Amino acid sequence: MINHFNPDSFDISEALKFENLTKDDFKEICKRLGREPNRTELGMFGVMWSEHCCYRNSKPLLANFPTKGKNVLVGPGENAGVIDVGNNQKLVFKIESHNHPSAIEPFQGAATGVGGILRDIFTMGARPIAVLNSLRFGNLEKSSNVSLLRGVVSGISHYGNCVGVPTVGGEIDFDDSYSGNPLVNVMALGLLETEEIVCSGAKKVGSPVLYVGNTTGRDGVGGASFASSELTTSSLDNRPAVQVGDPFIEKSLIEACLEAFKTGDVIAAQDMGAAGLTCSSAEMAANGSLGISIDLDLVPARENDMSAYQYLLSESQERMLLVVKKDKLNHLIKQFKKWGLFANVIGEVIKNKEVVISHKSKVVAQIPTSALSDDTPINIHKVMNNPPNYLLKKWEWTENNLPKIYDNKILSMKENKYFYFSQIILKLLSNPSIASKKWIYKQYDSQVQANTVFKPGESDAAVIRLRSQSEKNKNQIFSGVAASVDCNSRWVSLDPFRGSIAAVAESARNVSCVGAEPIAITNNLNFPSPENQIGYWQLASSCEGISQACIALGTPVTGGNVSLYNESKNEKNEITPINPTPVIGMVGKIDNIDQAISSGWKNINDSIWLLGSYSSELTLSASSYLEYFHGKILGRPPKIDLQDEKYCQSFMRRSILENFVVSSHDISDGGLAVSLSECCILSSKGATINLESVSDRLDNVLFSEGGSRIVFSVNKNKELNWLNYLKEIQIDFPKSVYVKKIGFVSKENLKINFQSKEICNIKVEELTEKFNNSISSYF
C-alpha cells in the first residue's frame, strides 16, 4: 500500500493556489480518497480538474449541443470526431487551442499546437490530410503584436511543413482585445486508414501498457493548469509550461502508429497531450472501466533527477500511450524502434479501478479512476436573465446616426474628413482584418500530399481530394471534403447569441460556396473568465446560438475545445478580456471534386448574380465599415433567418452541381463592395455592376452585412439554360429568398452603378495592390 507520509512537506494553501484548486476542491479530493492527498496526487487532481481537461465551467452548456446525425460515427468524448463521407471512407477531425502557450512563447506554442491536434487525429487510426488555423492578434500598429504574429506563423509553418501535412486554409483577425492574449486555434482532418476506429478505453486485465515516441522532460509541466488561468505580467515566468516540439519525430510517430494500428494488435491508444501521462493513463482506465498501473522508472527520460510530479505532469511532445496484445508485444516494440522511436512497457491494465503510480520502487500515487476523471467538479454559474446594460445601449445605434452622403462622399467619423466611396473600398481592402493573408499562407506548404484542390485564398472553403489509402485503389479518385473555420468576433462581442448563429451559418455557407454539403462541426470556444457574470453570460448565449444554428442547418457537433480565462492583466491589475470568439470548424462533402468551384470570376461576359434572403437582416450595425471607416463598434448584429439560410445554401449547391455556376463567394466582412472586389482580384478581371435598392443610403447598399448573401457568376454560354432552370425551380422558392442579376464580368475595372449613376470605377490593379500589400507592409 502507499505510504501516505510525504517527506517533502508542503503548504496546502500555497499548493492549492499553484494548482488552481479551491478549498472546496481539496475537501472533495479528501472525501474521494478517504485521506489527504500527497503533493504528487494533488498535482494530478490539479490538471485533471482544470477547465482545460474537465470543462468544469462549460460542461452543462456543452451538454445541450446536438451531437447525433446520419453521418456521425463518433461524437464528443473521444480524441476526435468521426463522420462517414461515403465510398467506405471516414473523416476524422477536430479543433484545439494553444492560446496561452503562444502568448509567451509564440513559435513553440503554435508549433506544438499543430503537433497536438495531429496526434488527436492519428490516434484514432487516421492519416492527417489537412490543417487549418484560426488566429487572433492585437492591432499591428503595436510592434509586440507583429512579433507575436511572426512567431506564431513561423511555428505553424515549421511544424506543418516538416511533418508533411498541408496547411490549406484558415482565417485571421486583428483587434486590441487580443493584444495581451492572442488566439491560436488549429483544426486538423484525417482519413481513416484502419478497418476499425481506434478508441482510448483500456481492455483486458494484464495487457501491457506501451509508451511510444519521444522522451519525457520537464517541458510543459503544468501546461493544462496554465492554460486554465489568466495571463499576467508575470506569465513569462511560466515558459517551462510551454512544450517543445520535434516534427520529425512526429512524422515517424504517425507512420509507426498507423502501421501498428493496421495489424489490429493495438487495443487502445491515447496521446499524451494536456496533463501528459496523468490524463492519458486516467482516461484510458476510466474509458475501459478498468485500472492501470504505471512504473515511472521505466519511462524514457531526457533529464536526470526528475520527480514523480514532473514525470506525471510533463507535456513533452510526440508521446503516445498504447494498450497492446501481450503476445504481439515484442513484434510491436521492434516495429516502433524501426522508426527510431522509444518503445517501453511502463505498466499494465489492472482489475481494480485505480491509477497506481510507482517511482523509485515506491507507490507515489494511488487514486480511484472515478476520482480523477468521472464526475469531475462542475462550477455552477447563474446566467444573467438580460443582456448587460452596456450592450443594450450599443444596440440603440441606428444608421440615422451616420453622417449624410454628399456627391458620392461621406465624412469619416474616425478621421473627420470626406472620402469618395471608391476611396472607402480601397481603405477597407487594405485593413489587415480584410486584406489578403498571402504573407501568412505563402509560408505554409499547402500542396504536400498533392490533394489540395484550391490554393489558400482562392475559394471560400478548402477542398481536399480523398484518395483511397489501399494499394489496389490508390490511383482511383473518390469524393472530396471541404473545410472552413469562421467567427466574426465583433458580432459575437456585440451579441453572443446572434454572432454565434452567424459563425455557424457563415462556415456552412463557405462550404456550400464551393459546392459541398455541410455535414458537421467542431468548435473552439475562446472566452474570458467564466467567473465574471458577463463572461459566463457570453459563453452561455454563444452555446445556445451554436445549438440552434446546428439544429437548423443539420450540422451536429462532433467535439472541440473550450479555452477560458482568455484575458490579460497589466501591472495595475486592470483586466482586458478578449472579444468572445467561438470558432466554428465546418466540414462538408462533395461527390465529385471536379465540380468544386472557386471564388474568382472565370470568363469575360459571364453574368453576375446575387442570392439572398429578405428575412435575414441587412444592416451597417456591427459592420466592418462602421468599425474600420468610422471607428465605431456599435449596433446589434443582423438576425439570420436560418430556414432561408439553409435554402439559399441548398440552392447554391444545386446550381453548382448542375454546372451553371462557375464562381461563388459569400458576402461577409465589408459587404457587397468588398466581395465583388475580391472576386475581381482573384481573377484579374473586372466587373460592371448595376444596383437598385430600397435603401436610400449608398453606404448601406455597398457595405451592409448579413442577409445570407452570396455573389456568383453564371457561364455566359449557359445563360439561356440557366434562366429556364430558374423558372422551373422558383416555384419552390420561399417568397423571402431572391436571385437577382446584377451585372457581368468585364476586363480591367470594377465599375459600380447605383440607380443608373456611376459611383465607383476602380482598376483591378489598384484593388489588388491595396489588398495584397497590407499585412506585408508591417514586416
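The values are calculated or read from the model by the stated rules, or taken from the named source; none is laboratory data. Only a predicted model underlies this, so the values are computations on that prediction, with no experimental measurement involved. Cβ atoms come from the backbone with ideal geometry, glycine included; neighbour counts cover every protein chain shown. Calculation scope for accessible area: heavy atoms of the full protein, side chains included, ligands and nucleic acids excluded. Shrake-Rupley method; radii C 1.70, N 1.55, O 1.52, S 1.80 Å.
For residues that are in a loop (DSSP other than H, G, I, E, B) and open to solvent by less than 20 Å² (accessible area, probe 1.4 Å), scanning just the range 433-443, find the one that is nearest to R136 (Cα to Cα).
S433
Would it be correct to say that S541 is open to solvent by less than 10 Å² (accessible area, probe 1.4 Å), part of a helix (DSSP H, G or I) and among the polar types (S, T, N, Q)?
The answer is no for S541.
Restricting the search to the range 101-129, which residues are small (G, A, S) and within 14 Å of N185 (Cα to Cα)?
Selection gives S102, A103, G109, A110, A111, G113, G115, G116.
Which of the following residues is part of a helix (DSSP H, G or I), polar (S, T, N, Q) and farther than 22 Å from V485 by Cα: S675, S655, S621?
Step by step, each of S675, S655, S621 is checked, and only S655 is part of a helix (DSSP H, G or I), polar (S, T, N, Q) and farther than 22 Å from V485 by Cα.
Look at the range 343-356 and say how many of its residues are farther than 24 Å from P368 by Cβ and either buried (at least 20 other Cβ atoms within 10 Å of the Cβ) or modelled with pLDDT under 95 (or both).
1
Taking the range 71-90 only, how many residues are out of contact with any Gly (no Cβ under 8 Å at 6 or more places or on another chain) and open to solvent by 20 Å² or more (accessible area, probe 1.4 Å)?
Matching residues across the range 71-90 total 7.
Do the conditions hold for V114, that is, is it in a helix (DSSP H, G or I) and within 14 Å of the chain's Cα centre (by Cα)?
Taking the combined requirement at face value, the residue satisfies it.
Within the range 733-779, restricting attention to residues that are within 24 Å of K438 (Cα to Cα) and among the aromatic types (F, W, Y), which residue is modelled with the highest pLDDT?
F771
Could you run through the range 238-257 and say how many residues are modelled with pLDDT of 95 or more and either of a type outside the set (G, A, S) or more than 16 Å from G125 (Cβ to Cβ) (or both)?
The number of residues fulfilling the criteria is 10.
How many residues does the range 287-307 contain that are surrounded by fewer than 24 Cβ atoms within 10 Å (Cβ to Cβ) and touching a Gly at 6+ places or on another chain (Cβ under 9 Å)?
So the answer is 12.
Can you name every one of the strands (runs of 3 or more DSSP E) wholly within the range 687-770 that holds 2 or more residues which are touching an Asp or Glu at 6+ places or on another chain (Cβ under 8 Å)?
The qualifying strands (runs of 3 or more DSSP E) are 710-714, 737-746, 749-754.
Go over the candidates G201, G170, G138, G125 one by one and state the one that is open to solvent by less than 20 Å² (accessible area, probe 1.4 Å), closer than 30 Å to V453 by Cα and either in contact (Cβ under 8 Å) with a residue 24 or more places away in the chain or touching a Pro at 6+ places or on another chain (Cβ under 7 Å) (or both).
Sole residue among the options that is open to solvent by less than 20 Å² (accessible area, probe 1.4 Å), closer than 30 Å to V453 by Cα and either in contact (Cβ under 8 Å) with a residue 24 or more places away in the chain or touching a Pro at 6+ places or on another chain (Cβ under 7 Å) (or both): G125.
Restricted to the range 404-415, and to residues that are more than 38 Å from the chain's Cα centre (by Cα) and outside any strand (DSSP E or B), which residue is surrounded by the most Cβ atoms within 10 Å (Cβ to Cβ)?
N408
Could you please give the count of residues in the range 616-666 that are within 24 Å of L426 (Cβ to Cβ), open to solvent by 10 Å² or more (accessible area, probe 1.4 Å) and charged (D, E, K, R)?
Of the residues in the range 616-666, 2 are within 24 Å of L426 (Cβ to Cβ), open to solvent by 10 Å² or more (accessible area, probe 1.4 Å) and charged (D, E, K, R).
A quick yes/no check of all residues on (1) modelled with pLDDT under 95; (2) open to solvent by 30 Å² or more (accessible area, probe 1.4 Å); (3) in contact with a Cys (Cβ under 6 Å, 6 or more places away or on another chain):
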site	(1), (2), (3)
D375	yes, yes, no
I380	yes, yes, no
P388	no, no, no
E396	no, yes, no
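State which residue pairs qualify: first residue on the phi > 0 side of the Ramachandran plot and inside the range 424-437, second residue open to solvent by less than 20 Å² (accessible area, probe 1.4 Å) in any location, beta carbons under 9 Å apart, and separation of 6 or more residues or different chains.
No pair meets every condition.
For the range 739-752, name all the residues that are surrounded by fewer than 17 Cβ atoms within 10 Å (Cβ to Cβ) and either out of contact with any helix residue (DSSP H, G or I) (no Cβ under 8 Å at 6 or more places or on another chain) or aromatic (F, W, Y) (or both).
Listed by number, the residues that qualify are K740, K741, K747.
Just to verify a result, which residue in the range 544-560, among those that are in a helix (DSSP H, G or I) and among the hydrophobic types (A, V, I, L, M, F, W, C), is surrounded by the fewest Cβ atoms within 10 Å (Cβ to Cβ)?
I551
Only one residue in D699, D669 is under 28 Å from P403 (Cβ atoms) and open to solvent by 20 Å² or more (accessible area, probe 1.4 Å). Which one?
D669
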